[in-house]
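Student: The structure follows.
Read-outs throughout are calculated quantities, based only on the coordinates presented, and are distinct from any laboratory measurement. Only a predicted model underlies this, so the values are computations on that prediction, with no experimental measurement involved. Note that we place each Cβ from the backbone using ideal geometry, even for glycine, and neighbour counts take in every protein chain shown.
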Amino acid sequence: MAVEETDISKKFSWKNILFPIILGLGAATWLLIHNLSSSRYVLVEPGRGSYDWQDADGDGKVNTENAAEFTAKEGGDYALRTSMDVLSELTWTTEMTIWGLVALLMVVIRDFSYVYRIRMLTGKFLTWRKSFDVIMLWESASALTPSVVGGSGFAIFILNREGLNLGKSTAIVFVTAMMDEIFYILMVPLMFVLVGGDNLFPVQWAGSALAEGSMKALFWVGYGFIVLLTLLITLSIFSFPYLFKRILMWVFSMKLLRRWLKSVITMGDEIIISSAELRGMKPIFWASGFIPTIFSWTARFFTLNFIVLIFVSGFDHLVVYGRQLVMWVIMLISPTPGSSGVAELALSAFFSNDILPVAYVAIVAVLWRLLTYFPYLFIGAAILPGWLKRTAK
């Protein structure tokens, strides 16, 4: 179904903007309240603690919640403290400010890479200003839509309204989605090789075979679906566009799926149009799209690394990077706009204890979403009226 001007105006209503913000801040507030009175074994200056770690379960990982992992010892390396104690001892330093600015720089690199990519993929048809507007509106529409749905329909509308024909607009949206998925598909096995599979799943679930097994199964099902979907889209665009449309129409002609038949026919038409646009594109076209894709996604994930570095030092950056790849699948199936609420809780599950002290989880979650999610809600709402007026013709 085609997107209209009224659809995108409704999407950017204040009701839709405030809802994910309330969800996200609500989840962070719950994490803060839930963790304030909890006690954890905290690493202190050598010789100034009252406990030593002894790896009781033999897994080589420090579980700060498990009392069996620690023995009382005067002059040890760990102390038992509440989250309130840890927060009260926090003192902001110049070094923390620097890491915060580096995290902000990652956001700038991410957005600039997206702007550069869309400008190159349109053959510089879009100016830098128009490219910026397109990306901000696209990001905002995605932030206001459940991750599993995405903002592709709005993206096609945005590009088409900027003056690109429907075929070119559809092709560019398909290409950007395909490049994003290819980056993800390649990075997951690379992280498993560099970091090891056991280090990419939440430590606090260790010892719970059911929970840990369910998480791994969910991840691999999600990853397999992404691989299959990317393969189908790639083959349908470059090899069998008409056959793919006929197969979709046959499948969705079944009684249970018939309600989506009209949308599927539209999707099939879009793939055929995209195929005609993309066949014969030169290598420079693909390179100018995929290189900024690498920069944008790397900067997107490293934003959290530098936010964590504000409060904690000495952790494995590849582990934090790799866990975000796993966490991404959980966020993709979230029914909430932009995974709001789910993302904050997932961050706590994946990074508390072995990477991030529980006392800092809520603060890190808020900073992370303040840099990577919330701004796009307001930027899109601010740009939209002027953009609609500018592109009215």
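Student: Say we join alpha carbon atoms closer than 10 Å with springs in a Gaussian network model of the chain; which of Lys216, Lys73, Lys11 then has the biggest fluctuation?
Tutor: The residue with the greatest mean-square fluctuation here is Lys73.
Student: Tell me which residues come under 5 Å, amide H to amide H, from Gly76 once H is placed; ignore anything under 5 positions away on its chain.
Tutor: Long-range HN contacts for Gly76: Gly49, Ser50, Tyr51.
Student: Applying a 10 Å radius around every beta-carbon, put 322-331, 123-132, 173-182 in order of their mean neighbour count, most first.
Tutor: Ranking the peptides 322-331, 123-132, 173-182 by packing returns 322-331, 173-182, 123-132.
Student: Rounded to the nearest 0.05, what FRET efficiency do Ser239 and Phe295 have when you use their Cβ-Cβ distance and R0 = 30 Å?
Tutor: That gives a FRET efficiency of 0.55.
Student: Now a separate question. Just to be sure I understand the model, the point goes 7 Å from the Cα along the line to the Cβ. What's the resulting Asp52 to Asp316 distance in nm?
Tutor: For the pair Asp52/Asp316, the computed spacing is 2.5 nm.
Student: What FRET efficiency, computed as 1/(1 + (r/R0)^6) with R0 = 30 Å and r the Cβ-Cβ distance, is obtained for Thr71 and Met96, rounded to the nearest 0.05?
Tutor: Taking R0 as 30 Å, the efficiency between Thr71 and Met96 is 0.35.
Student: By how many nm would the segment from Ser9 to Asn165 lengthen if fully extended, with 0.36 nm per residue of separation less the alpha-carbon distance?
Tutor: Length gained between Ser9 and Asn165: 54.0 nm.
Student: For the chain, would you read off the P(r) tail past 42 Å as a percentage of all alpha carbon pairs?
Tutor: Result for the distance tail: 19 percent.
Student: Among DSSP beta bridges lying fully in the chain, give the percent that are antiparallel, nearest 5.
Tutor: The answer is about 90 percent antiparallel.
Student: Using 0.36 nm times the number of residues separating Leu256 and Leu332, minus their current alpha carbon distance, what extension gain do you get?
Tutor: 24.9 nm
Student: If the cut-off is 26 Å between C-alpha atoms, which lysines fall inside it for Lys73, apart from same-chain ones fewer than 8 positions away?
Tutor: Partners found: Lys61.
Student: Using the Kirkwood radius built from alpha carbon pairs, what does the Stokes-Einstein equation give as D for the stretch 36-129 at 20 °C and 1.002 mPa s, in µm² per second?
Tutor: Using the Kirkwood radius from Cα pairs, D works out to 124 µm²/s.
Student: Out of residues 5 or more away from Leu144 or on other chains, whose amide H comes under 5 Å of its own, with H placed 1.01 Å from N in the peptide plane?
Tutor: Answer set, sorted by chain and number: none.
Student: Kindly write out, for the stretch 277-292 in residue order, the coupling ³J(HN,Hα) from the Karplus curve 6.51 cos²θ - 1.76 cosθ + 1.60 (θ = phi - 60°), rounded to whole Hz, with x marking Gly and Pro.
Tutor: Result, ordered by residue: 6, 9, 5, x, 5, 6, x, 4, 4, 6, 5, 5, x, 7, 4, x Hz.
Student: Here is a further query. Karplus couplings for the stretch 262-267 from phi (6.51 cos²θ - 1.76 cosθ + 1.60, θ = phi - 60°), rounded to Hz, Gly and Pro as x?
Tutor: 4, 5, 5, 4, 4, 4
Student: Sticking with this structure for a sec: Determine by what factor the alpha-carbon radius of gyration of the stretch 39-82 differs from 2.2 N^0.38 Å, reporting the quotient.
Tutor: My calculation over the Cα atoms of the stretch 39-82 gives 1.03.
Student: A follow-up question, please. Checking the cross-link filter: which lysines have an alpha carbon closer than 18 Å to that of Lys130, excluding same-chain neighbours under 8 positions apart?
Tutor: Qualifying lysines at Cα under 18 Å: Lys168, Lys389, Lys393.
Student: Once phi is turned into ³J(HN,Hα) by the Karplus curve 6.51 cos²θ - 1.76 cosθ + 1.60 with θ = phi - 60°, what whole-Hz value does each residue of the stretch 301-310 show in order, with x for glycine and proline?
Tutor: After applying 6.51 cos²θ - 1.76 cosθ + 1.60, I find 6, 6, 4, 5, 3, 6, 5, 4, 5, 4 Hz.
Student: Between Leu194 and Lys124, how many nm apart are label points set 7 Å from Cα along the C-beta direction?
Tutor: 3.4
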